[in-house]
Amino acid sequence: MILDRFNPPSGQASRFARIKLALVERLGQDQMPTSLLWAALVGLLGALATVAFRSCISSLVFIFTGQHGGLVEAARHLAPVKRMLWPALGGLAAGCVLWLERRIYGRDAGGDYMESITIGNGDIGVGKTMMRSFSSLLSISSGGSIGREGPMVQLAAMLASAIGRFTEIAPPRRRLLVACGAAAGITSAYNAPISGAFFVAEIVLGSIAMESFGPLLVASMVANVTIHAIFGYGPLYAIPAFAAADIRQSLSFVALGLAAGFCGPVFLGLINGTKRLVERVPLPLPLKLAAGGLIVGIISITAPEVWGNGYSTVNEILGGHFLGPALVSLLIFKLAATTSTVGSGAIGGVFTPTLFVGATLGALASQILAFWWPAGAPPLEASTAVAMGAFLAATTQAPVTSILMIFEMTGTYQVVLPLMLACVPAYMVVRLLGVPSIYAAAQRAKALQARALDLTAQTVAAYLRPDPPSLQANDGIERIIAAFATHRFQYLYVVDDSGLYRGAVSLHDLRQFLADFPEGTPERQSMQAQNLLAKGLQTLNADMSLEKALAVFTHHRGERLPVIDHDGKLVGAAWKTDLMLELQERLGRNR
């Protein structure tokens, strides 16, 4: 520490020691600054991971097609035969990688980031994630109708998990670190820092509290700044400014939200039904992905716009380039291509295809209203953007995230009020229908089963931090002062030569002793750690339940308590914040 670099004259040593210890006591041991620093690092690494993935996509698109630019533009320049075959060949290669990954790691080893946060310990397998990401890279760059955000988020979360394992932090904080990585990945994929943090808090963690939301925001902010420094700034979807909605147009937005609430479950049913159907087909996994790619290729002969996640096509819809029957055809083709790609087992995200479907529905609604009810028809760009948000709210059941996401991706404030009018009705319809979220259904069910609010099932041993800073019973006063100045704790534990726990020295008591007995007094010279032991400090046992540990912490004002084993030896320390994060997560899972 900087404070330890000073060597004051001997006559001022006692005063300097008291000042130094007073600063330590004032600074305390708040873990929020440390959590924010780790979140910032995760945000930076997560953004760089998504940059690398995007660069790989661009390189493979050029290798596959010989074209620079987006997938739709590349598809339009290809001959029809190549346009049909490339998705099939890419699906075959992606399937081979995925088949090899399953042979090596199995189906369940090192689950995805949602699983590692909700029911795991924040551990994500590096090898499994890299192979699945490579499979996804092959599917996306060969024209598969799937989003790139899935592997981007997974890669960012994997890096966060690796940092958590390397630093050996407790499982609750490791899960929070993985959540920060996910927020950084979403932010980098969509240029949406606020909604990136809200997405993880609302959908994955299930609660918004500053202990977790603060680090999520920091990770998202750092990721966003990094992306801007590399690619510059600009909204993903460009829409022109439009006038504020009147009463009739507001009613149209509400109706649009209600319609999205009913259409969302249909979209989910198509995807889930296709998955179940493909699972029953007796074909090897590579051939299933090749078949899904072939369907996309056949469709793209007529509609090359179905290639990829559809960013460029959505911008064309917002610009009014597709009208009437062309929009209907595009919607049908995109639904077929997406269900074929996702249903075949390809790895990727469905977030962006969801936005695509919402955009086409919104543009269709605007044109239909313009014909039947011109006075209540909202502008096409407004209807398209609002339908994207409403459809997203219907499939994710996260209306706040959906509103923020569309606002940040368009950069247009005028869209916020119409989004509120549409997203809330869409969410309410889906909840009344009882349809599960596209993201949270399986994970939420597992979480309720495996992480029920049973505070007696988990023991303190799962949350202790080993090797806490400690003093020997016969350590003198100068050694005690130096230890407190180095470690910045309110209590330092005292052990004897055999490692048995003897008690703890309080920083407050030490400061009072230094004030009562100046340097040179016999009491100060003979003082040892075993003579300064604090009274009333409780201990935890390694096999104590989480419920009992939280009860003990309610009577302790500090952040840590010592953990001892059956023999009375000091084995580590438990932190109140770790236990509270665990409790917060379990409450969020059981809302």
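Throughout, read-outs are computed from the coordinates displayed, never taken from laboratory work. This structure is a prediction, so every number in the text was calculated from the model and none was measured. Note: ideal-geometry Cβ built from the backbone for every residue, glycine included; neighbour counts use all protein chains shown.
What to note about this one:
- Convex hull of alpha carbon positions in the chain: directionally averaged projected area 31.2 nm².
- Which of Asp112, Asp565 has the fewest Cβ neighbours within 10 Å, and the rest in rising order: Asp565, Asp112
- Helix-only CD estimate at 222 nm, as mean residue ellipticity for the chain, using -39500 (n - 2.57) per DSSP H run (n ≥ 4): -21000 deg cm²/dmol
- Neighbour-count order for Met405, Met428, fewest beta carbons within 10 angstrom listed first: Met428, Met405
- Per-residue Cβ neighbour counts within 10 Å put Phe371, Phe199 in the sequence Phe371, Phe199, beginning with the fewest.
- Translational D in µm²/s for the stretch 32-231 (Stokes-Einstein at 4 °C, 1.567 mPa s, Kirkwood Rh from C-alpha pairs): 75 µm²/s
- Pairs exceeding 29 Å between alpha-carbon atoms, taken from Lys128/Lys548; Lys128/Lys288; Lys82/Lys288; Lys128/Lys576: Lys128/Lys548; Lys128/Lys576.
- Within the chain, percent of DSSP bridges classed antiparallel, to nearest 5: 75 percent
- Taking amide hydrogens as placed 1.01 Å from N in the peptide plane, the amide H of Asp565 sits under 5 Å from those of Val571, each at least 5 positions away in sequence or on another chain.
- Near Val494, the amide H atoms lying under 5 Å from its own belong to Leu471, Arg502, Gly503, Ala504, Val505; only residues 5 or more places off or on other chains count, and H is placed 1.01 Å from N.
- Crossing angle, helix 32-65 versus the chain [Cα axis fit, 0-90 degrees, rounded to tens]: 30 degrees
- Table column - 3J(HN,Hα) (Hz), the stretch 242-247, Karplus curve with 6.51, -1.76, 1.60, x for Gly and Pro: 9, 6, 5, 6, 8, 4
- The stretch 416-422 - phi-based ³J(HN,Hα) in whole Hz, Karplus 6.51/-1.76/1.60, Gly and Pro as x: 5, 4, x, 4, 5, 5, 9
- Structural descriptor for the chain: relative contact order 18 percent, calculated from alpha carbon pairs under 8 angstrom and at least 6 residues apart.
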